[in-house]
Amino acid sequence: MAREKARSGVAAAVPGQAYTEFPHTTMRKVIAERLSEAKRAIPHFYLTIDCRVDKLLETRKVINAKAPEGEGAFKLSLNDFVVKAVALALKEVPEANASWNDDAVRLYNSADIAIAVATPGGLITPVVRAADAKGLVEISNEIKDLAARAREGKLAPEEYRGGGFTISNLGMYGIKSFSAIINPPQSCILAVGAAERRPVAVGEALGVATVMTCTLSVDHRSVDGAVAANFLAAFKGYAEEPLTMLLQGQSL
């Protein structure tokens with residue numbers, strides 16, 4: 001009985017035993033192998049930056065309040081703005097949109113952003129293609145669709161392969177900051193923490209602002225420290241001045 005359950009992927013509980021085993025699924029094995037290889041083979045370094053996102057949250061609030069009802073309805077999330085900011089920052093600093101192989105460093109022309117999504121079977125990263133050329137509403141709708149189908153196991157392989165940069169957001173769980181493992185063959189992954197009220201310096205006085213901590217994990221073989229720093233500075237600029245995202249030629 002226990003063997004039959006183990007073969008079927010169901011937890012095998014043995015009477016009187018102090019633990020329950022869950023046999024590895026094929027997906028879990030693949031994830032484990034890729035992450036282990038990434039930590040062994042990729043020389044990670046990490047850069048962290050704080051972004052004051054009060055303007056972003058207010059912009060989001062205003063846009064959502066004016067969103068149509070029924071057909072064409074939408075609701076932008078903080079993460080939608082993060083994806084757009086990353087895509088535009090990659091256009092400013094294309095050297096961060098890279099991958100390493102034994103013969104060359106490859107720079108990608110398109111800002112194809114992979115979004116880490118937790119599913120019952122494990123982590124998967126569906127890709128928003130050419131995010132720099134899309135408006136916030138299109139990005140938002142696409143992420144919702146990809147994430148829903150990812151959790152249902154209905155993504156086509158081409159929908160989670162080929163991204164050039166990954167975003168992992170754990171802010172909705174109240175995580176202040178964390179560092180993520182690079183998703184090979186990509187060179188960078190941005191770990192996004194919660195937007196929370198914190199004391200900040202305002203000139204010579206002490207004030208309070210909504211701050212979001214982001215940590216960039218970088219492959220030092222393909223992306224140098226100064227390049228990664230320039231990328232984060234560009235990202236911070238868009239995150240802190242969200243109207244600049246709306247002045248890039250695309251519709252909302």
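Things worth noting here:
- Here Val211 does not qualify as part of a loop (DSSP other than H, G, I, E, B), in the same structural domain as Leu88 (by TED's automatic domain parsing), surrounded by 14 or more Cβ atoms within 10 Å (Cβ to Cβ) and touching a residue at least 24 places away in the same chain (Cβ under 8 Å).
- Subset of segment 98-128 (residues that are among the small types (Gly, Ala, Ser) and farther than 15 Å from Leu190 by Cβ): Ser99, Ala104, Ser110, Ala118, Gly121, Gly122
The rows are residues; the columns are (1) within 14 Å of Ile115 (Cα to Cα); (2) within 13 Å of the chain's Cα centre (by Cα); (3) small (Gly, Ala, Ser).
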position: Ser140; (1), (2), (3): yes, no, yes
position: Lys144; (1), (2), (3): yes, no, no
position: Arg151; (1), (2), (3): yes, no, no
position: Glu159; (1), (2), (3): yes, no, no
position: Ile175; (1), (2), (3): no, no, no
position: Ile182; (1), (2), (3): yes, yes, no
position: Val192; (1), (2), (3): yes, yes, no
position: Ala195; (1), (2), (3): no, no, yes
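- Qualifying residue in segment 117-135 (condition: part of a loop (DSSP other than H, G, I, E, B), among the acidic types (Asp, Glu) and not assigned by TED's automatic domain parsing to the domain that holds Thr25): no
- The set of residues in segment 176-201 that are under 27 Å from Ser99 (Cβ atoms) and part of a loop (DSSP other than H, G, I, E, B) comprises Ser177, Phe178, Ser179, Ala180, Ile181, Ile182, Asn183, Pro184, Pro185, Ser187.
- Glu58 in a helix (DSSP H, G or I), free of Cβ contacts under 8 Å to residues at least 60 places away in the same chain and surrounded by fewer than 19 Cβ atoms within 10 Å (Cβ to Cβ): yes
- Matching residues in segment 17-42 - criterion: being more than 20 Å from the chain's Cα centre (by Cα) and assigned to a loop (DSSP other than H, G, I, E, B): Gln17, Ala18, Tyr19, Phe22, Pro23, His24, Thr25
- Matching residues in segment 195-223 - criterion: being farther than 19 Å from Val86 by Cβ and among the charged types (D, E, K, R): Glu196, Arg197, Arg198, Glu204, Arg221
The values are calculated or read from the model by the stated rules, or taken from the named source; none is laboratory data. Being a predicted model, the structure only gives us computed values, none of them experimental. Note: ideal-geometry Cβ built from the backbone for every residue, glycine included; neighbour counts use all protein chains shown.
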